[in-house]
Amino acid sequence: MRFWDRLFDMLGFGNRPAPFELLETETGMPHFFGDLRRARQSAKKEDKRKVPDRIAACEKLARGDFRSDINPDLILRRFILGGRVNALCVYMTGMVNERIVNDFVLHDAMHAVLPEKTPDMLAYALENIFAVGDAVAEADWDKVRESVLCGKCAVFLDGAAQAAVLDVRGYEHRGVDVAQNEKVVRGPQEGFSENLRTNITLLRRLIRTEDFVCQLRNAGAQNNIKTAIAYRESIANQTLLAEVKKRLAAIDTDAMLCIGTMEQITERRKISLFPQVLSTERPDRAAAYIMQGYIVVLLEGSPFVNIMPTTLFALMSSAEDDYMRAPQGTLVRFVRFLGAFVSLILPGYFIALALHHQGLLSSEALNTIIYSRRMVYSSIGAEMVFLLLVFQLIREAGLRVPGSIGQAIGIIGGLVLGQAAIAANMASAVLLTIVALSGLGNFCIPDYQLQISTSYLRLLFVIAAWLGGLLALTVALLIIIGYTATVKSYGVPFLTPFSPKTFAKGPLIRRGVIKQHHRATDYTNTVQGK
Amino acid sequence: MKMLEGRIGRQESVCILVQAMASICIFSLHTLIAYEKGNTTYIWMPTGIALSVLAGLGVRWCMSRTGAHDLTALYRGALGRILGGTSLLAVAAALLWQCASLFNHFLSDLHGYVFPTSRYGAIIFWVMLAVAYIAWGGLERIARTGKCVAPLVGFTLLITLLLPIEGYRLYRLYPFPGDTAGGILMLCLRCFVQMLPVILLTLSFTDALQGEKPVKSTIILAGTIAFVLVMLVQLALGLVFTAEQLTNMNMPLFRINMNLLSNGYYLRQDKVSVFIWLMGAVPGGAYLLYGFAYLFCKATGGRNIRPALITGTVLLSCILLLRREALFKLFEGVQGWISHYGGLTILPPVALSFVLQLCKEKRKGAVGRHDA
């Protein structure tokens with residue numbers, strides 16, 4: 001150690017570097033502000049290796065790439081094809097259906113009778129031995145490796161510079177279950193699952209048209225997850241489709257585990273208050289949108305699909321609207337909008353009247369408020385904010401705990417805590433009623449993300465009304481309307497078909513069942529005449 | 001170029017134009033001048049709107065004859081770069097003044113009726129916040145916000161006019177017509193000059209309104225709606241209040257129900273209607289502010305509208321503050337001058353561009369014939 005280093009060390013001016021620090025990166029110390037700049041994703045190295053024609057070399061490659069020394073999932077099974085050709089079967093245990101591998105790959109291969117002279121043994125095996133539906137010959141090592149990681153099985157033969165890639169996938173997954181978050185009284189009950197294939201099947205079962213396309217592609221994340229773009233080729237707007245594909249192709253991220261991540265990466269306004277795609281877990285709803293020319297994106301491992309483009313009115317509609325008779329559907333939709341409006345405005349409006357415009361209240365109403373608040377020690381604005389935050393707390397707690405306990409928390413929070421708060425003079429009964437009404441209205445909003453946005457916007461309105469009465473509330477409302485007017489989902493204004501007006505189904509009044517199922521020229525600009 | 005024009009539909013453009021015109025007519029009315037010699041507002045105000053629409057259609061016709069794409073092209077083509085730019089600046093200044101006048105009246109009344117104990121600056125702050133935010137988003141945001149609030153504003157106006165229907169008395173319109181023909185004509189011209197810049201502004205947004213045909217239909221539709229709306233409101237006011245009562249009344253629409261509903265729930269809730277009208281006036285004001293910035297940029301060759309918007313917002317706030325706080329007399333003087341002679345800065349360029357373009361066309365036709 002140099003003299004100066006020793007001196008600084010002795011005087012305590014420098015910290016001796018620890019042998020290992022979690023914050024250190026390969027590129028050095030993090031930035032002063034926590035490395036706000038996003039690290040560029042390292043370009044994936046292109047693997048141009050080919051499948052070797054000797055199985056020993058194949059085994060070596062596989063052992064190296066899949067780290068068989070520390071990875072017990074990898075199965076490398078050597079066998080002799082038809083008693084003559086050395087072969088190697090590679091797959092990931094747990095990802096494949098072992099019964100298919102044993103009965104239709106290994107068993108058939110071992111007991112096969114090979115002809116005397118075969119120029120291409122692999123082609124012969126694919127045609128005559130492996131009794132598997134999806135079986136192809138692959139020469140690129142990279143593709144073989146990806147297939148094995150996806151749950152397929154690769155069979156290498158001595159002397160063949162290709163591998164037989166057999167689809168024997170059979171990993172465990174949740175089956176088709178009841179849609180948990182979008183329940184309906186009348187209508188199908190099943191929801192999407194985490195399996196991409198199953199989800200596509202659920203859609204195909206409902207859309208039996210030859211123009212229904214489901215393009216599979218890599219999602220662009222380093223965990224090699226698959227995504228699917230589903231649409232009707234003959235009617236979908238090609239510009240919209242190109243835009244969706246462009247945004248999906250631009251994804252470059254470490255991990256893609258949920259469709260929510262994909263939604264955030266692909267949307268233009270990253271910090272928008274409102275969702276820019278419609279997320280659903282109901283196959284019937286997704287199918288209805290596909291039939292109208294919308295584009296649906298599915299992701300492996302996600303029981304939700306994204307529908308694009310979307311609008312405020314689509315987010316405010318429920319799958320059940322279409323299953324009800326037109327007058328009932330219209331009425332329900334109207335009540336839903338009323339609920340959303342009450343949820344958003346009522347607390348702020350009440351605060352504005354009680355604090356700044358007492359003259360607008362009747363003397364009876366004013367007396368009731370004063371009487372109910374006579375022992376409450378906080379100001380009415382603070383009390384409202386406190387109650388709204390408590391409501392959010394109860395809601396979050398109810399969501400994150402298991403089903404029956406969640407319901408209990410809702411009841412305990414709503415009744416017991418409310419009563420206790422009134423008894424302890426922390427809140428007044430009038431305000432509690434307002435908050436409960438507002439909360440109830442909030443639950444009328446069908447889309448979960450929109451629900452959350454509304455619940456926090458209402459807090460903003462309360463603060464505005466607290467500060468500036470009806471004037472500030474009006475200004476806040478105008479600003480939110482102005483903001484909403486500029487949000488776009490894949491080029492479609494968020495307030496369509498109200499502003500701009502299109503010929504789409506009325507946002508509030510539901511059309512009759514016959515007209516409903518006629519595709520109108522609307523904001524998706526579908527291909528005409530189909 | 002960042003002019004934030006975007007694309008808007010016909011419904012949006014009509015809504016925003018009606019809101020701007022109706023707000024100016026209803027809320028920035030100088031009651032002392034308007035009702036001094038009797039109530040004739042229901043005659044001269046709609047007539048002024050109709051005249052401005054006709055003038056707008058005339059300019060539109062001139063533009064189509066000369067191949068000018070928008071107002072800027074017409075002015076530049078007819079008057080040259082400098083004079084055309086100056087004429088555009090005059091229209092821009094008129095728009096800013098209209099905006100200031102609208103909010104000056106509205107905020108004064110809001111302060112007097114609803115927030116008498118609050119500071120005037122605070123009211124300006126809140127309203128300007130909304131106006132600036134909406135104008136900042138460009139024409140798309142302004143027009144769509146205008147359309148979103150239009151049903152609510154329309155419904156409230158309808159209720160406001162229907163509630164005192166039992167109190168409507170025809171004799172309150174006496175004396176008819178209330179003023180001399182010359183007096184009515186002068187007031188009519190005054191309204192015409194107030195409306196013309198707004199119509200001219202719409203003629204500048206050919207691209208945003210998706211073509212020349214929609215611009216024409218927008219002006220006709222909006223003009224008709226504003227004509228009916230303003231006439232209904234002024235007629236209702238005339239049927240409820242006498243001209244003498246109206247002369248010394250600020251924002252008569254706010255007080256239309258007061259005579260009838262001496263007590264009860266409606267009387268208490270009528271202040272809410274002021275805020276709903278404010279919701280209609282703010283997009284209208286934002287349109288005027290944006291129009292000022294847009295024409296300013298077109299006149300000076302600016303490629304980004306944001307600096308002009310900031311300048312416009314600051315200027316507007318200063319005018320509103322000065323009006324209330326310090327330079328009251330000066331403001332009154334300037335307002336009087338603009339009211340009387342402001343039109344002179346707009347009308348001659350419009351007329352001149354008409355004539356010059358037609359002369360150019362004639363000359364071109366003569367050269368063509370000569371060549372042939």
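Restricting attention to region B:277-312, the residues that are open to solvent by 30 Å² or more (accessible area, probe 1.4 Å) and assigned to a helix (DSSP H, G or I) add up to 7. Among the residues of region A:126-142, those that are of a type in the set (Val, Ile, Thr) and under 17 Å from A:Leu81 (Cβ atoms) comprise A:Ile129, A:Val132. Return yes when A:Gly94 is in the same structural domain as A:Ala123 (by TED's automatic domain parsing), on the phi > 0 side of the Ramachandran plot, at pLDDT 70 or above and touching a helix residue (DSSP H, G or I) at 6+ places or on another chain (Cβ under 8 Å) and no when it is not. Criteria not met by A:Gly94. Of the residues in region A:296-313, at least one is small (Gly, Ala, Ser), under 28 Å from A:Tyr231 (Cβ atoms) and under 31 Å from the mean Cα position of the chain (by Cα). Could you tell me whether region A:397-406 includes any residue that is more than 19 Å from A:Gly441 (Cα to Cα) and either in contact (Cβ under 8 Å) with a residue 60 or more places away in the chain or buried (at least 17 other Cβ atoms within 10 Å of the Cβ) (or both)? No, there is no match, as no residue in region A:397-406 is more than 19 Å from A:Gly441 (Cα to Cα) and either in contact (Cβ under 8 Å) with a residue 60 or more places away in the chain or buried (at least 17 other Cβ atoms within 10 Å of the Cβ) (or both). Out of curiosity, is B:Arg144 within 12 Å of chain A (Cβ to nearest Cβ) and within 23 Å of B:Leu309 (Cα to Cα)? Judged against the criteria, B:Arg144 is a match.
Going by the conditions given, is B:Phe115 of a type outside the set (S, T, N, Q) and at the interface with chain A (Cβ under 9 Å from one of its Cβ atoms)? Considered against the rule, which asks whether it is of a type outside the set (S, T, N, Q) and at the interface with chain A (Cβ under 9 Å from one of its Cβ atoms), B:Phe115 comes out as yes. Quick check: anything in region B:179-188 more than 14 Å from every other protein chain (Cβ to nearest Cβ), open to solvent by less than 70 Å² (accessible area, probe 1.4 Å), under 19 Å from the mean Cα position of the chain (by Cα) and within 29 Å of B:Pro348 (Cα to Cα)? Checking region B:179-188: at least one residue is more than 14 Å from every other protein chain (Cβ to nearest Cβ), open to solvent by less than 70 Å² (accessible area, probe 1.4 Å), under 19 Å from the mean Cα position of the chain (by Cα) and within 29 Å of B:Pro348 (Cα to Cα).
When region A:356-394 is limited to residues that are touching a Lys or Arg at 6+ places or on another chain (Cβ under 8 Å) and farther than 15 Å from A:Val430 by Cβ, the one that is most open to solvent (accessible area, probe 1.4 Å) turns out to be A:Gly359.
Each residue in region B:119-132 was checked for being buried (at least 20 other Cβ atoms within 10 Å of the Cβ) and either more than 14 Å from chain A (Cβ to nearest Cβ) or of a type outside the set (A, V, I, L, M) (or both), and 1 of them qualify.
For region A:271-295, the tally of residues that are under 15 Å from the mean Cα position of the chain (by Cα), within 15 Å of A:Thr486 (Cα to Cα) and open to solvent by 10 Å² or more (accessible area, probe 1.4 Å) stands at 1. Residues in region A:495-505 that are touching a residue at least 24 places away in the same chain (Cβ under 8 Å) and within 7 Å of chain B (Cβ to nearest Cβ): A:Leu495 alone.
For the criterion of being modelled with pLDDT of 90 or more and either in contact with a helix residue (DSSP H, G or I) (Cβ under 9 Å, 6 or more places away or on another chain) or in a helix (DSSP H, G or I) (or both), A:Lys245 passes.
Of the residues A:Ile295, A:Ile265, A:Ile345, only one is over 30 Å from A:Val213 (Cα atoms) and modelled with pLDDT of 90 or more; which?
A:Ile345
Counting only residues that are farther than 15 Å from A:Thr310 by Cβ and surrounded by fewer than 20 Cβ atoms within 10 Å (Cβ to Cβ), region A:237-263 holds 17 of them.
The condition of being among the acidic types (Asp, Glu), over 22 Å from A:Arg282 (Cα atoms), touching a residue at least 12 places away in the same chain (Cβ under 8 Å) and open to solvent by 10 Å² or more (accessible area, probe 1.4 Å) does not hold for A:Asp177.
Among residues that are small (Gly, Ala, Ser), in contact with a Lys or Arg (Cβ under 9 Å, 6 or more places away or on another chain) and in contact (Cβ under 8 Å) with a residue 12 or more places away in the chain, A:Ala62 is included.
Table: residues versus (1) out of contact with any Asp or Glu (no Cβ under 9 Å at 6 or more places or on another chain); (2) more than 14 Å from chain A (Cβ to nearest Cβ).
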{"position": "B:Glu5", "(1), (2)": "no, no"}
{"position": "B:Arg10", "(1), (2)": "yes, no"}
{"position": "B:Ala22", "(1), (2)": "yes, yes"}
{"position": "B:Phe27", "(1), (2)": "no, yes"}
{"position": "B:Thr31", "(1), (2)": "yes, yes"}
{"position": "B:Tyr42", "(1), (2)": "yes, yes"}
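Just one of the listed residues (A:Ala112, A:Ala135) is free of Cβ contacts under 8 Å to residues at least 40 places away in the same chain, touching a strand residue (DSSP E or B) at 6+ places or on another chain (Cβ under 9 Å) and surrounded by 20 or more Cβ atoms within 10 Å (Cβ to Cβ), namely A:Ala135. Among the helices (runs of 4 or more DSSP H) confined wholly to region B:20-118, which include 2 or more residues that are under 24 Å from B:Phe227 (Cα atoms) and open to solvent by less than 10 Å² (accessible area, probe 1.4 Å)? Filter on region B:20-118 gives B:41-66, B:71-113. Among the candidates A:Leu298, A:Leu273, A:Leu240, A:Leu216, the residue that is part of a loop (DSSP other than H, G, I, E, B) and touching a residue at least 12 places away in the same chain (Cβ under 8 Å) is uniquely A:Leu273. The residue list B:Pro164, B:Pro175 contains one member that is more than 10 Å from chain A (Cβ to nearest Cβ) and open to solvent by 10 Å² or more (accessible area, probe 1.4 Å), which is B:Pro175. Being within 9 Å of chain B (Cβ to nearest Cβ) and open to solvent by 10 Å² or more (accessible area, probe 1.4 Å) is the filter here; which residues of region A:485-494 pass it? Result: A:Thr486, A:Pro493.
Scanning region A:302-352 for residues that are more than 14 Å from A:Ser279 (Cα to Cα), open to solvent by less than 10 Å² (accessible area, probe 1.4 Å) and within 14 Å of chain B (Cβ to nearest Cβ) yields A:Gly348, A:Ala352. The residue that is surrounded by the most Cβ atoms within 10 Å (Cβ to Cβ), among those in region A:219-236 that are touching a residue at least 24 places away in the same chain (Cβ under 8 Å) and over 15 Å from A:Met262 (Cα atoms), is A:Ala230. Looking only at residues of region A:440-479 that are in contact with a helix residue (DSSP H, G or I) (Cβ under 7 Å, 6 or more places away or on another chain), more than 10 Å from chain B (Cβ to nearest Cβ) and without any contact (Cβ under 8 Å) to a residue 40 or more places away in the chain, we find that the one that is surrounded by the fewest Cβ atoms within 10 Å (Cβ to Cβ) is A:Leu460.
The values are calculated or read from the model by the stated rules, or taken from the named source; none is laboratory data. Model, not experiment: these values are computed from the prediction. For neighbour counting, all protein chains shown are included, and Cβ atoms are generated from backbone atoms with ideal geometry for every residue, glycine included. Remember, those area values only see protein heavy atoms, side chains included, never the ligands or the DNA or RNA. Shrake-Rupley method; radii C 1.70, N 1.55, O 1.52, S 1.80 Å.
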